[in-house]
1. Is it true that some residue in the range 225-235 is open to solvent by less than 30 Å² (accessible area, probe 1.4 Å), more than 22 Å from the chain's Cα centre (by Cα) and away from ligand 1 (no atom under 16 Å from the Cβ)?
2. Any chance the range 322-334 includes a residue that's touching a Pro at 6+ places or on another chain (Cβ under 9 Å) and either within 18 Å of residue 266 (Cα to Cα) or within 16 Å of ligand 2 (Cβ to nearest atom) (or both)?
3. Only one of 36, 68 is open to solvent by 10 Å² or more (accessible area, probe 1.4 Å), farther than 22 Å from residue 136 by Cα, in contact (Cβ under 8 Å) with a residue 40 or more places away in the chain and in a helix (DSSP H, G or I). Can you tell me which?
4. Can you pull out every residue in the range 384-393 that is open to solvent by 50 Å² or more (accessible area, probe 1.4 Å) and under 18 Å from residue 424 (Cα atoms)?
5. Please go through the range 335-347 and give me each residue that is within 18 Å of residue 411 (Cβ to Cβ), touching a Phe, Trp or Tyr at 6+ places or on another chain (Cβ under 7 Å) and within 15 Å of ligand 2 (Cβ to nearest atom), ordered by number.
6. Restricting attention to the range 282-299, does a residue exist that is within 20 Å of the chain's Cα centre (by Cα) and of a type in the set (D, E, K, R)?
7. Among the residues of the range 10-33 satisfying the criterion of being open to solvent by less than 40 Å² (accessible area, probe 1.4 Å) and acidic (Asp, Glu), which is nearest to residue 88 (Cα to Cα)?
8. Could you run through the range 240-254 and say how many residues are more than 15 Å from residue 223 (Cβ to Cβ) and either more than 16 Å from ligand 3 (Cβ to nearest atom) or not assigned by TED's automatic domain parsing to the domain that holds residue 195 (or both)?
Amino acid sequence: MNEMVSNTEKLLHVMTFGCQMNEHDSERIAGVMGLEGYTCTGDVEKADLIIVNTCSVRDKAEHKFYSELGRLRKYKKAKPDLLIGVAGCIAQQEGEKIIRRAPYVDLVFGTSNILNLPAMVKRRVEHHVRVTEVDFDREYNMLDLPADRGDGLKAWVSIMYGCDNFCSYCVVPFTRGREMSRPSASIHEEISRLAADGYKEVTLLGQNVNSYGKGLEEGVDFPALLRLIHDIDGIERIRFVTSHPKDLSDRLIEAMAELPKLCEGLHLPMQSGSDGVLSRMRRGYTFAEYYDKVKRMRQAVPDLYLTSDIIVGFPGETDEDFRATVRALEMAEFDSIFLFQYSPRPDTQAGTLPEQLADDVKAERFNIVMDLQQKMTLKKNSFRVGMVQEIMVEGASKKGSELMNGRNRGGAIVNFEGECRRGELVNVLITEGLGYCLKGKIT
Ligand code: SAH
Ligand code: SF4
Ligand code: F3S
C-alpha cells in the first residue's frame, strides 16, 4: 500500500519572483496541483515538476530569471521525466519565445491560466508537445481558485486582477491584463473559510484596490467591501495593498478611522515629488494632492505607518525634479520605502522616450534617497520608544532564539521578550527603534 502511494505521489517545487500577487499566485499553483496529488517540496532536486513564477517589472528581474532558468537545466539532465514550467509576468509577455530560447522548458502559462495547469501537464506528458497558454481569460475574476497557503495565520486574498492605469513606465497592465474585480460574495466566502480554518489576518491584494468594484454590477466599492469583511468573526486584522493615490477617497479615510480591525498601515506609492515627472508618468495627481491626502489620513488615523514606492531616474528627470523628490520625502516622512532606479520596459511609453538617464546618474540619486530614508526610518522608529503596541505573535525571532517576533498594526517587525504563543495578540512596550525593526518587551 505504502509503495503504491509513493509511486503516485508527485513533488512540486515552485520558485517565486516579484510581488505579493506572484507569491499568492504561487500558492494557487500549489493549490491547483495539490488537487492533482502533488505535494510541495522545498528541495528542487526531488521535484517532478518545477514552476518558475516570474516578474518582469524591472530589467534586473528579467535577467535574474534567465540565469535561474539556465541553472535548472542540469536537473533535467539528471532526471529526464522532470517537467519545467514558466509562469507569471515574463511568461505572459514572452510566451513561446521562452521555449525557443530554452528548449528544455515544457510549459509556459500566463497570469490568468493557472487553473489550466493540470490539463497542460497532461498534454505535455500524453502528447509529447511543449505547451504555451498565454491568452487572457476574461472571466478570470469569476473563477474560484484553490490556494495552498501553508501559513495558518496570515493570508493573502485577491480582490481584483489586472490594471487599467497604464502608468507610462509600467509593464503590469500588459502582463496582468485589464482590471477586473472579483465579486464580493466570493471574497467574503473565501475569507469566512479562512477564519474557520483559524486565520487571523488577511491582506487584500490588487494593483489598485481603491478602484475595487469597477465593472461589477453589485455596487460594492472598496470602503463597502472593507465593511463587509470587517463583520467576519475570527479575522482580527485587515490590511490591503496597493492603494493608488488618485483613487484614495474620503470614504476610505473614514473607514480607516472607524473600523477597528483595519490596521493603521498604508502603502501609498508616490513615485516622484516632481509634478512634471508625475505628469509624464501619467500618475494622475500632483505632489500637493498627494500630500493633502497623506495629511488627512494622518489626522484621521494617529500613528499611521505610511510606506511608499519611489522611482529615481525617470527619463528626463532633471536635478530640480530630483530635488523636488528629496523635499517631498522630507515632508511626507515615510516609515519606509521601496526604492527603484527607473528601468525601461518593453511596450511601455516611457521606454521609448529619448531622454533616458545614464546609469551612474540613476545610481547616485538612488544612494542619496536611500541615505535620507534610512535616517527618516530611524527617526520615526525612535519616536515610538515608550509606546505600547499590539503585536500579533508569529514565532521565535530566529531559530532557537528566546526573542519572539511579530508585527505591529502598522506592519513593522517587532522583536520582543516575553512568554507568548504564535497567533496571540500581545501588548509590547517598545524599548528600541532600529533602522529595520523595533525591539520591546511584553507589558
Ligand atoms: N500597482 C502598484 C505597484 C506595481 S509595481 C502601484 O501602482 O503602486 C511596484 C513598483 O515598482 C511601482 O510602484 C514602481 O515604483 C516600481 N516600478 C514599476 N515599473 C518600474 C520601472 N519600469 N522601473 C523602475 N521601477 C518600476
Ligand atoms: Fe503599474 Fe501604475 Fe498599474 Fe501600478 S497603477 S500596476 S504602477 S500601471
Ligand atoms: Fe508583480 Fe512583477 Fe508582475 S511586480 S505584477 S510579478 S511584473
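The values are calculated or read from the model by the stated rules, or taken from the named source; none is laboratory data. All figures in this text were calculated on a predicted structure; none of them were measured in a lab. Using ideal geometry, Cβ is built from the backbone for each residue, glycine included, and neighbour counts are taken over all protein chains shown. These accessible areas exclude ligands, DNA and RNA; they are computed on the full protein's heavy atoms, side chains included. Shrake-Rupley method; radii C 1.70, N 1.55, O 1.52, S 1.80 Å.
1. yes
2. No - not one qualifying residue is present in the range 322-334.
3. 68
4. Across the range 384-393, the qualifying residues are 388, 390.
5. Passing the criteria: only 339.
6. Checked against the condition, which is being within 20 Å of the chain's Cα centre (by Cα) and of a type in the set (D, E, K, R), the range 282-299 yields at least one hit.
7. Step by step, filter the range 10-33, then rank; the result is 25.
8. 2
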